[in-house]
Amino acid sequence: GIQVEQSPPDLILQEGANSTLRCNFSDSVNNLQWFHQNPWGQLINLFYIPSGTKQNGRLSATTVATERYSLLYISSSQTTDSGVYFCAVEQNSGGYQKVTFGTGTKLQVIP
Amino acid sequence: AAGVIQSPRHLIKEKRETATLKCYPIPRHDTVYWYQQGPGQDPQFLISFYEKMQSDKGSIPDRFSAQQFSDYHSELNMSSLELGDSALYFCASSLNSAIGNTIYFGEGSWLTVV
């Protein structure tokens, strides 16, 4: 099956710093999502981004589908950004959609 | 807009008991997916249904079963519970799975086995 690797696995930032999270995938995909999992376990969708670049406030994402990677940029980080960030890719598998999650990046933003 | 609804949000069971989780997809969505996320792990695919038929199967234990009903809601039944079944269980839904529409996730159900 498809492999979805995220880097770095862990990241500690000073409040106000910028960061880039990376998601590499081993096969072509139909769609890609970035999630923030908060301390209560909720998966908060940040972006649906099969290709191109999107921005939402301090967050932006870029997916280069031909090179099989996506980047999530966090600018001016805040303590509320702490949590685990997952990318999840969607593929058509045997005629049906399937979602595979990446390994996650655990982010801690310290005051 | 309506989202994917999961119930219960929290459940505590003893070993060897049975638990049932329910998922109500977004209206008009015909496909449901179940995922299991253990502590410190990424969500792992368990099983999916399209138009009430099983469409794909992942790492679902034989002690677990699931189905999708005529109103498209789904239930995940877990029997002979083990401590290792303690996890966050996500349900997701989409429309017309075969043509690649976006998949939306519920808020999850926490299962604790003691």
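Some points to look at:
- Residue count for the stretch B:38-61, restricted to those that are surrounded by fewer than 20 Cβ atoms within 10 Å (Cβ to Cβ) and under 25 Å from A:Thr103 (Cα atoms): 12
- In summary, B:Tyr35 fulfils each of the numbered conditions (1) within 14 Å of the chain's Cα centre (by Cα); (2) more than 9 Å from chain A (Cβ to nearest Cβ) with the single exception of condition (2).
- Hey, B:Ile12 surrounded by 15 or more Cβ atoms within 10 Å (Cβ to Cβ) and either among the hydrophobic types (A, V, I, L, M, F, W, C) or within 14 Å of chain A (Cβ to nearest Cβ) (or both) or not: no
- Consider the stretch A:59-107 and keep the residues that are away from chain B (no Cβ under 14 Å) and touching an Asp or Glu at 6+ places or on another chain (Cβ under 8 Å). The one that is nearest to A:Val4 (Cα to Cα) is A:Arg68.
- For the stretch B:59-73, the criterion of being out of contact with any strand residue (DSSP E or B) (no Cβ under 9 Å at 6 or more places or on another chain) and either in contact (Cβ under 8 Å) with a residue 24 or more places away in the chain or of a type outside the set (S, T, N, Q) (or both) is met by at least one residue.
- Residues that are crowded, with 20+ Cβ neighbours inside 10 Å, aliphatic (A, V, I, L, M) and within 15 Å of B:Ser94 (Cβ to Cβ), drawn from the stretch B:15-33: B:Val32
- Within the stretch B:47-84, tally of residues that are part of a strand (DSSP E or B) and under 17 Å from B:Thr20 (Cβ atoms): 12
- Members of the stretch A:83-110 that are modelled with pLDDT of 95 or more and surrounded by fewer than 18 Cβ atoms within 10 Å (Cβ to Cβ): A:Lys106, A:Gln108, A:Ile110
The values are calculated or read from the model by the stated rules, or taken from the named source; none is laboratory data. Because the structure is predicted, anything quoted here is derived from the model rather than measured. Counting neighbours? That spans all protein chains shown, and the Cβs are built from the backbone with ideal geometry, glycine included.
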